[in-house]
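What follows is a set of notes on a single structure, which appears directly below.
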Amino acid sequence: MKMLKLLVTAGALAAGTAAFAQEKFITIGTGGQTGVYFVVGQSICRLVNRGTAEHGLKCTAPSTGGSIANINAIKAGDMDMGVAQSDWQYHAYNGTSEFEGNKFDDIRAVFSVHGEPFNVIARSDSGIESFDDLKGKRVNIGNPGSGQRATMEVVMNAKGWGLDDFALASELKPAEQAAALGDNKVDAIIYTVGHPNGSIQEAVSTIDAHIVPVDGEAIDKLVEDNPFYAKATVPGGMYKGTDEDVTTFGVKATFVTSASVPDDVVYQVVKAVFDNFDRFKRLHPAFENLTAEEMIADGLSAPLHPGAEKYYREAGLLE
Ligand code: GLU
């Protein structure tokens, strides 16, 4: 009796090991749960996991600190892929700005996704109507590791501002910032994110708040000098309190990986997205106007990963 039980256990263990050997787990870095990166990662995984029986890949996309955290996790080998702003893809590959001394030559582009305006959202009772009005106010400049925090620092540098130009510079994560604005703990929040998104919707739902234009000479110069920035518009009527279009600048969300991730893994992930492209586009309104042609051309400064390139050639998207 005892012998039999032991045999069964050993058999079950052997079967478990065999199944494990065929399955490969991949992790995609996203952002806060009320942002769009989280939906990008979840959507990609959903499509990948429909094909696990064929390719053996099992995909998860946990919430993370955002662009910089994702790039660093991929570099360290803790994550396989992730979403990152096009400005931080550029800087990681070139070892510039935030990535000076921490260059990531092996970062590889997979595709770009939606546009991400640099958004400033202010309580209407704060009197903030322009970016310069943020001086002396309580501002959530974002958590370290997020794309918005790093891009905010670039903007502050361009303007010659330091942290002491604010009455308070808080470092709340996207998931916490709407409540902080609503509770009058801060006057404004900064968020580089696609539209529409849950965080801004939440922020404007309980109080009077509006999106503030980010323009002027310093911004024009940033856009002129850097290929990864472009002028951007937040459409009026999308959020309560902001009826007119608002001018700012922005970047693209991009999907990145490392040269050390095997070609067949990246190939299968890309195939899962583009073979089911209409389904993918329906998973978030920010994906609605995506085209495959733009996604493999815009916002990418690192070389394409060979696994992605292989799929694009087969699909006739690349010569
Ligand atoms: N752009 C933000 C970042 O890089 C994330 C936006 C989102 O989660 O959609 O951290």
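Worth a mention:
- Normalised by the number of residues in region 128-223, the mean separation of alpha-carbon contacts (under 8 Å, six or more apart) gives a relative contact order of 37 percent.
- Computed label-point distance, nm, for sites Asp215 and Lys231 using a 7 Å Cα→Cβ extension: 0.7
- Tilt relative to the chain, helix 147-159 - C-alpha long axis, 0 to 90 degrees, to 10: 30
- For region 298-312, 3J(HN,Hα) per residue [Karplus equation, 6.51 cos²θ - 1.76 cosθ + 1.60, θ = phi - 60°, Hz, x = Gly/Pro]: 8, x, 9, 10, 7, x, 5, 5, x, x, 6, 4, 4, 5, 4
- Under the simplified labelling scheme, the Asp183-Arg50 pair shows an inter-label distance of 4.1 nm, with each label point 7 Å from Cα along Cα→Cβ.
- Set of aspartates and glutamates near Lys231 by C-alpha distance (under 13 Å), chain-local residues within fewer than 8 positions excluded: Glu116, Asp215, Glu217, Asp220, Asp245
- Dipole magnitude (debye, nearest 20) for the chain, charges at Cβ of Lys, Arg, Asp, Glu: 1620
- For peptides 139-149, 240-250, sequence by mean Cβ density within 10 Å, most packed first: 139-149, 240-250
- Between 0 and 90 degrees, the angle of helix 2-22 with respect to the longest Cα principal axis of the chain falls at about 50 degrees.
- Violating pairs (Cα-Cα greater than 24 angstrom) within the set Lys137/Lys252; Lys135/Lys173; Lys185/Lys252; Lys75/Lys173: Lys137/Lys252; Lys185/Lys252
- Förster-model FRET efficiency, 41 Å R0, Asp164 and Ala297, C-beta, rounded to 0.05: 0.45
- Distances between placed amide hydrogens fall under 5 Å for Lys24 paired with Leu57, Lys58, all partners being 5 or more residues away or on another chain.
- In this simple spin-label model, placing a label point 7 Å from the Cα along the Cα-to-Cβ direction at both Ser205 and Asp105 gives a separation of 4.8 nm.
- FRET efficiency for Leu318 and Arg279, using Cβ-Cβ distance with R0 set to 30 Å, rounded to 0.05: 0.85
- Whole-Hz couplings from phi, Karplus 6.51/-1.76/1.60, listed for region 89-106; x for Gly and Pro: 4, 4, 5, 5, 5, 8, x, 10, 6, 3, 9, 5, x, 9, 5, 10, 4, 8
- Straight-distance crosslink candidates among lysines, where the alpha carbon sits under 16 Å from Lys310 and sequence neighbours closer than 8 are dropped: Lys271
- Amide H to amide H distances under 5 Å link Leu172 with Ile141, Gly142, where only residues 5 or more positions off or on other chains count and H is placed in the peptide plane.
Each reported figure results from applying straightforward, stated rules to the coordinates on display, with no laboratory input. Remember, it's a predicted structure, so these values are computed and weren't measured experimentally. Glycine also receives a Cβ, built like all others from the backbone with ideal geometry; neighbour counts cover every protein chain displayed.
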